[in-house]
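The values are calculated or read from the model by the stated rules, or taken from the named source; none is laboratory data. Not measured: the values here are computed from a predicted model. So basically every Cβ, Gly included, is an ideal-geometry build from the backbone, and we count neighbours across all protein chains shown.
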Amino acid sequence: MIFYIIRGMYLVLLNSVDFIFGNIIEVGHQKIANNFGVKNFYHGEAPFWFDLVLFYGGQAIFFYIIWKLYQIGFTPLDRVQDLTDVGWGDGSKRAAANRIREIQRIRKSNELPPVYPNGWFAVAESRNIPKKQVISVSCLGETFAVFRGDDGKINILDAFCPHMGANMAVGGVVKGNCLECPFHGWLFDGKNGVCSHIPYAKKVPDFAKVRRWPSDERNGMVFVWYDAEGRPPQWTVPAIKEIENGEYPYRGRTEHKILAHIQEIPENGSDLAHLGHLHTPNIMKGTDLAVALTANKLLDFIHHEWDGVWKPLEAPNEHRAEVTLSHSIPMFGFKPKMMDVHVRAEQVERDIMIWNNKIFPTKPMFVAEDKLIPRFRRWYSQFYSKNSPRFGGFRKEGLDW
Ligand code: FES
Ligand SMILES: [Fe+2]
């Protein structure tokens, strides 16, 4: 039955293509005929190459457009940008790579806050880990084996096997709710990291276990709990109702790699003064700051106006803060209501150019109007603890925060 429906649809499509391009050919032939002063230059009288190019070329373009429309309508629009793609101005990728090395050299590591704050970190998307699947994730200075057992639950173990160091997420096999190392077949329980089976040993010693990391799955994402003191999770990731009940299906995302301390990004929300400068020029002036912040008579007829509030929440949600932004575009004295989602996505790339190139001063020169930033810093310090790792312990090129 399905076969006949698909076949029927295919025939209808072919007929439509034939009709559309048949007519285009007729018109094309007639134009040629007119140019050459011939009266009846119809289908069949044109040179062979003309039919070939117009008909098959036309069909190729037609199917390409259908394919693109399908992609836009039915597949997620992912905009994934590499470190050298955004935030370096107009230069080449090679120039960006040189600049990255230079910045890593000149940044003073002793001035930075600890590199990894305590808390939940998204390490994967749920849809990428079906049952019995394991993936290797390197972040937070660790390498994790993230896998989904037969019970449908996610488990996270240290990826490197304590036996002889194989990466269990590369070639390892999920068996029940355990992960089997690909090197000698030791089997580790996802619930506690304990080794339950060594295929060639009479007895499994008590010390045979691997570190297990607390994990959670919310909003289509897999989270790992990181705490420098080894404490269990101190809070849970809040669920976004519309994602959990399927009202907001996945339609794509933007993803950027950024050369900055992780604290810089949330700090931006408390830095209200930068909104009125960096994010004011017309979005059409782009994200290269040398262009965006220079006066341009043609493009300065509109600009963006922002207003914002940053506020930490009360206990028991003191680990959360709220940023509320309002945005308008005055145009010839009017403020038309606009969708500002797109504007924000593009505007972040202006921040990225700042983040990539800045340093993190421990004693910034704040004026009274900057008062939210020191407040943010005091609030954010709750995520660092005595044993939080400092930058000096990591390779300078480490970008895995
Ligand atoms: S290295 Fe994993 S079982 Fe030997
Ligand atoms: Fe910003």
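Numbers at a glance
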| item | result |
| --- | --- |
| The range 158-175 - residue that is in a strand (DSSP E or B) and within 11 Å of ligand 1 (Cβ to nearest atom) and, of those, surrounded by the fewest Cβ atoms within 10 Å (Cβ to Cβ) | ASN167 |
| Condition met for ASN98 (without any contact (Cβ under 8 Å) to a residue 24 or more places away in the chain and under 19 Å from the mean Cα position of the chain (by Cα)) | no |
| One residue from GLY44, GLY89 being at pLDDT 85 or above, part of a loop (DSSP other than H, G, I, E, B) and either surrounded by 11 or more Cβ atoms within 10 Å (Cβ to Cβ) or more than 23 Å from the chain's Cα centre (by Cα) (or both) | GLY89 |
| Residues within the range 122-132 that are touching a residue at least 12 places away in the same chain (Cβ under 8 Å), surrounded by fewer than 18 Cβ atoms within 10 Å (Cβ to Cβ) and not in a loop (DSSP other than H, G, I, E, B), tallied | 4 |
| Residue match in the range 205-215 (condition: within 12 Å of ligand 1 (Cβ to nearest atom), at pLDDT 95 or above and either within 30 Å of ARG390 (Cα to Cα) or not in a strand (DSSP E or B) (or both)) | yes |
| Qualifying residue in the range 276-284 (condition: closer than 22 Å to SER381 by Cα and assigned to a helix (DSSP H, G or I)) | no |
